[in-house]
Amino acid sequence: MNLTPLEALRRQYERFPYPPIPFLALPRRGQGADLRYSGPKAAPRILVAGCGTLETVVVAQAHPDASEVVAVDLSAESVAISRRRLSWMRVARPWRKLPRVRFEVGNVSSLDLGEFDFVLASNILHHNSDPSHLLKTLAGKLKPHGLMRVVTYPKGSRYWMRETSRWLKARGLKAESEALVRESRRAIRELPIGNPLRSCFESQPETRTRAGLVDAFFNACENPLSPLEWERASVEAGLKLIREGQDENSRSDFLDDFLGDAEALSPWEKLQVLDDTWELCANPVFWFEKTDEAHAKDRARTTESSESLATQLRRAEKILTQAGKTLAEYQSWLRKAAGPRVNPRTPDELLRGLSLVEYDLAELKARD
Ligand SMILES: C[S@@+](CC[C@H](N)C(=O)[O-])C[C@H]1O[C@@H](n2cnc3c(N)ncnc32)[C@H](O)[C@@H]1O
C-alpha cells in the first residue's frame, strides 16, 4: 500500500509516540525556562505544534499565565498520553498554577485554530515533506509581532546519522522488528571501534529504546533544511530571525572568533558554514518574530539541490571566501576551537571519525 508521507508519519508516531516516557514522568522544576515566551503579552495564547507526549506539560508549566495553550498532534496516541500526563500533573502538584489547555488531533497545517502570540514547533518541521510550506502555514497563525520558536535538525551535520541509517537498513533492519534494539546493537558492534558509523550510533542516547531508534534512524519522513533554505523559508513566511537558542558552539557567533569581523557574514551564512562542515552538533533553535516586512527579500537565496559532501564543502568554501578566509584556515582553527567529537555521556571518550578536523580536506572533496 502506498501511503502519503504524512500518513506514514502519523502511523509511526501512533505506534511509537515520542518521547517514549511513561505518563507519570513530570517535568523538573524550572524545566522549560529556555522556551518561555519573551514578548509583550501578559497572557499569551500559545500553540504547541506537533506536541508529542511531553512538551505540552513543559510549556504549560513555563506559562502559568497563558490565556490558553493549544496542543496539536497528528498522533491520537501522543495526544492521549499528553492529556494523561497533564491530568496527573494537576493531581500530583496541586499547588502549581497551570493555564487552560486544549488538545487537538490532526495536521496542524489544516486545522483552523485562530491566532496566537507564540507558536512552538519543536522537532516537527523536518518530519514534513515541505518544511518551508509548514513554516509559512504556522507563521500565518501568528498575530503581528508574534513569536515562533523552532527546533529543527541540521541538514549537513546529520551526514553520519544518514549514513548510519542507510547502513542499518542495508543490513535488513526495519522499524517493524520487535528486537530492533538488540539487533541494531549487535550489527553495529561488528564494526571496529573508531568506525564513524559506530561512533555515530554510540553518540545517540536514543538507541536505548525501540521508539528512540525509530525516531532517529528509521523515521518515516526526515527532511531537514539547510540554513540558507531556512533563511529563504523564513523571509517568505514574513519571519525575522531574532535569536538562536542552541549551545554556543553551534550558534552562528561561534565563528566570529575565526572571522575576526562579526559582520563579515550574515548569521545564516555562518550557520551554513558550520552545517556544511558537520559542526551544528546541537539542533538549531531559531526564534522568529512575525514582521511581514520585506526585511531581507533581496538577500533570500536558494541552495543547490544536490547535497553531496563535496557540494557542502564547496559551498562552505565559497561563503568563507567572501570573508577572505579559506577552508583550510577554517579547519585548522576548528582543530583548536572544537577538536574531535567526544561522547556526551562519557566526555573522556573520543568519538572517532565524526569531525572534519580528522580528515584530509582534499580527499573529502574528491570523495563524491
Ligand atoms: C519528534 S516528535 C516531537 C515531539 C515534541 N514536539 C518534542 O519535541 O518532544 C514529532 C511530533 O510531531 C508530530 N507531527 C509531525 N508533523 C505534524 C503535523 N503536520 N501536524 C501535527 N503534528 C505533526 C508527530 O506526530 C510527532 O508526535
Selected residue (only one of Leu327, Leu320, Leu351, Leu334 is more than 22 Å from Gln272 (Cβ to Cβ), touching a residue at least 12 places away in the same chain (Cβ under 8 Å) and of a type outside the set (Lys, Arg)): Leu351
Answer residue from region 10-62, given it is buried (at least 16 other Cβ atoms within 10 Å of the Cβ), away from the ligand (no atom under 14 Å from the Cβ) and over 22 Å from Trp95 (Cβ atoms) and is farthest from the chain's Cα centre (by Cα) among those: Lys41
Given (1) modelled with pLDDT of 95 or more; (2) within 16 Å of Tyr153 (Cα to Cα); (3) not hydrophobic (A, V, I, L, M, F, W, C), number of the condition Asp247 does not satisfy: (1)
Near pairs, Cβ below 8 angstrom, 6+ apart or cross-chain, from region 64-76 (outside the structural domain of Val48 (by TED's automatic domain parsing)) to any residue that is more than 16 Å from the ligand (Cβ to nearest atom) and open to solvent by less than 40 Å² (accessible area, probe 1.4 Å): none
Leu334, sole failed condition from (1) over 16 Å from Ser250 (Cβ atoms); (2) at pLDDT 95 or above; (3) surrounded by 17 or more Cβ atoms within 10 Å (Cβ to Cβ): (1)
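This table checks each residue for (1) in contact with a helix residue (DSSP H, G or I) (Cβ under 8 Å, 6 or more places away or on another chain); (2) assigned to a helix (DSSP H, G or I); (3) not aliphatic (A, V, I, L, M).
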{"position": "Leu135", "(1), (2), (3)": "yes, yes, no"}
{"position": "Leu138", "(1), (2), (3)": "no, yes, no"}
{"position": "Pro144", "(1), (2), (3)": "no, no, yes"}
{"position": "Arg149", "(1), (2), (3)": "yes, no, yes"}
{"position": "Tyr153", "(1), (2), (3)": "yes, no, yes"}
{"position": "Trp160", "(1), (2), (3)": "yes, yes, yes"}
{"position": "Glu163", "(1), (2), (3)": "yes, yes, yes"}
{"position": "Arg166", "(1), (2), (3)": "no, yes, yes"}
Single residue of Ser110, Ser78, Ser122 found to be over 23 Å from Val214 (Cβ atoms) and near the ligand (Cβ under 9 Å from one of its atoms): Ser110
Tally of residues being closer than 14 Å to Ser266 by Cα and open to solvent by 60 Å² or more (accessible area, probe 1.4 Å) across region 305-317: 0
Single residue of region 82-107 satisfying the filter (in a helix (DSSP H, G or I) and open to solvent by 80 Å² or more (accessible area, probe 1.4 Å)) that is farthest from the ligand (Cβ to nearest atom): Val91
Search result, residues across region 351-368 that are open to solvent by 70 Å² or more (accessible area, probe 1.4 Å) and outside any helix (DSSP H, G or I): Arg352, Asp360, Ala366, Arg367, Asp368
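The values are calculated or read from the model by the stated rules, or taken from the named source; none is laboratory data. Keep in mind that what you see is a predicted model, and the values were worked out from it rather than measured. Virtual Cβ from ideal backbone geometry, glycine too; neighbours counted across all protein chains shown. Quick note on the areas: whole protein, heavy atoms, side chains included, nothing else; ligands and nucleic acids left out. Shrake-Rupley method; radii C 1.70, N 1.55, O 1.52, S 1.80 Å.
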